[in-house]
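Colleague: Submitted below is the structure of interest, expressed as structure tokens.
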Amino acid sequence: MKTKIQTLQEQINNLTDPRRTSYGNIRHKLEDIIIIALCTIICGGEDYADMEAFGKEREKFLRKFLELPNGIPSSDTFRRLFESLDPAALSECLVNWLSVELPERCVIAIDGKTIRGSADKTHKAYHVVSAFVAESQITLGEIVVDEKSNEITAVPDLLDLLYIAHAIITADSMSCQKKIVEKITGAGADYCIALKGNQPTLCKDVEDYFHEYAKEASACKTTEKGHGRIELREYYFSDDIGWLEQGSEWNGLQGIGMVKSKVIEGEEESEFTRYFITSLTGVDEFAYAVRKHWSIENQLHWCLDVIFREDAARARKEMSPLNMNVLRKTALSLLNQAKYGRLSKKKMMFKASLNPDVLLSVLLANKK
């Protein structure tokens, strides 16, 4: 039976190698470079110098499953490859390898994040729109755009890359577009999308409705405590939308929702009210979808910034920051699946850097 690492090697071999392979002077195998890079990120490494240093320190361990015909690649070799490798192809390769079986009724949250350190004299900072499965905490795919405002055109392209039937797609107000809603329902999925000023008439109608009839809507409450704060949420849902003049223009629209949030931190309190359109039909599933959407901020974007220090990364040239973003997301997915005891992700990364057996258990997504 093939091991998971052998399967990864086969997936990598399907990639188009951007190096001049026809010249016959390629010293290091593509699969070796990518796997060493991924292992380095799992262990907390941040750049190409770290990849070379990690490889040299763990060469004996790596030779158990890598050929390394000419030893460990130099930092320049890592840099040149990731500057030219197609990040979309790398992402597809690694997602296919992860091969996580998703719940049939999962929440797929869509949102964008700017890689702030990726800007240079030739281009603005890259903005990456990701599709994140809340329950399994895995990134299914991403699309790169020039800036945040281009998310509107990127989201339909991202949805085309994914199998989303039976899922619930959540997104912020920028994705509250009729074409996006049509794309979601056409693929057999449901949606729960925030409303704001980009749909001013619709947003005002929904706001006025709940101001007048909130007591007649279905409702539920949640309380969350942690990290020195308490968050109280009230969810309101109504499928009474016959009065909504624009209702027929939004494919699959079944209801509207409102969420009132109160955050208490010490003596400070803040309150927020948000409005939604949805193809869901009940308050419980609506509330679940809204809560799960924030996983893309808390479990993906926050981790990339705080744990992997993505915004401080110095890789800027060509495809380098995008390929590093893919490697970080893959490492994060593996750490989420492995769940090595009760260790935090940061502690697990530190332990993997000290103990090759722990690193291997993360690569194989073993739960201990």
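Colleague: Taking amide H positions as placed in the peptide plane 1.01 Å from N, state which residues far from His166 in sequence (5 or more) or on other chains have amide H under 5 Å from it.
Modeller: So His166 has HN proximity to Ala189, Asp190.
Colleague: Beta carbons within 10 angstrom, averaged per residue: use that to sort the peptides 327-335, 227-235, 125-133, 356-364, highest first.
Modeller: Top to bottom by mean Cβ count within 10 Å: 327-335, 125-133, 356-364, 227-235.
Colleague: Please report Ser75, Ser248 as a ranked list, fewest other C-beta atoms within 10 angstrom at the top and most at the bottom.
Modeller: Lowest count first: Ser248, Ser75.
Colleague: Sticking with this one: At q = 0.16, 0.20, 0.26, 0.28 Å⁻¹, what log₁₀ I(q)/I(0) does a Debye calculation on the Cα points of the stretch 242-305 give, no solvent, two decimals?
Modeller: One equal scatterer on each Cα of the stretch 242-305 leads to -0.73, -0.94, -1.12, -1.16.
Colleague: Per DSSP H run of at least 4 residues, take -39500 (n - 2.57); add these up for the chain, divide by its residues and hand me the 222 nm value, nearest 500 deg cm²/dmol.
Modeller: It lands at -11500 deg cm²/dmol.
Colleague: Once you compute Rg and the Kirkwood Rh from C-alpha atoms, what is the Rg to Rh ratio for the stretch 264-349?
Modeller: Computed over Cα atoms, the ratio is 1.09.
Colleague: Diagonalise the Cα gyration tensor of the chain and give the resulting equivalent ellipsoid semi-axes, square root of 5 times each eigenvalue, largest first, whole Å.
Modeller: Largest first, the chain gives 42, 22, 18 Å.
Colleague: Could you pull out the pairs from Lys262/Lys345; Lys124/Lys317; Lys204/Lys260 whose alpha carbons sit more than 19 Å apart here?
Modeller: Exceeds cut-off: Lys262/Lys345.
Colleague: Let me spell out the model: positive unit charges on the Cβ of Lys and Arg, negative unit charges on the Cβ of Asp and Glu, origin at the Cα centre of the stretch 261-368. What dipole size does that give, in debye rounded to 20?
Modeller: Once rounded to the nearest 20, the dipole reads 800 debye.
Colleague: From the residues Thr122, Ala154, His301, which one has its Cα farthest along the dipole of the stretch 107-303 in the positive direction, the dipole being from +1 and -1 charges on Cβ of Lys/Arg and Asp/Glu about the Cα centre?
Modeller: Highest projection toward the positive end goes to Thr122.
Colleague: List the aspartates and glutamates whose Cα lies under 14 Å from the Cα of Lys196, skipping any in the same chain that are fewer than 8 positions away.
Modeller: Leaving aside aspartates and glutamates fewer than 8 places away in the same chain, those within reach of Lys196 are Asp172, Asp205, Glu207, Asp208.
Colleague: Just going by the charge dipole of the stretch 178-290, with Lys and Arg at +1 and Asp and Glu at -1 on Cβ, which of Ala217, Gly242, His227 is farthest out on the positive end?
Modeller: Most positive-ward Cα: His227.
Colleague: For the stretch 107-303, I need the span (max minus min coordinate) of the C-alpha atoms along each principal axis, in Å, sorted largest to smallest.
Modeller: On the principal axes, the stretch 107-303 reaches 54, 45, 31 Å in Cα extent.
Colleague: So, one more: Using Cα-Cα distances under 8 Å and only pairs 6 or more residues apart, what relative contact order does the chain have, in percent?
Modeller: 19
Colleague: Quote the relative contact order of the stretch 107-303 in percent (integer), defining contacts as alpha-carbon pairs under 8 Å separated by 6+ residues.
Modeller: Answer for the stretch 107-303 is 20 percent.
Colleague: Further, regarding this structure: Straight distance only, please: which lysines reach the Cα of Lys64 with their own Cα at less than 17 Å, same-chain residues fewer than 8 apart left out?
Modeller: Hits, sequence-local ones excluded: Lys2, Lys4, Lys29, Lys56.
Since every read-out is calculated from the coordinates, none of them should be taken as a lab result. Given the structure is predicted, the values throughout are model-derived calculations rather than measurements. FYI the Cβ positions are ideal-geometry reconstructions off the backbone, even for glycines, and counts take in every protein chain you see.
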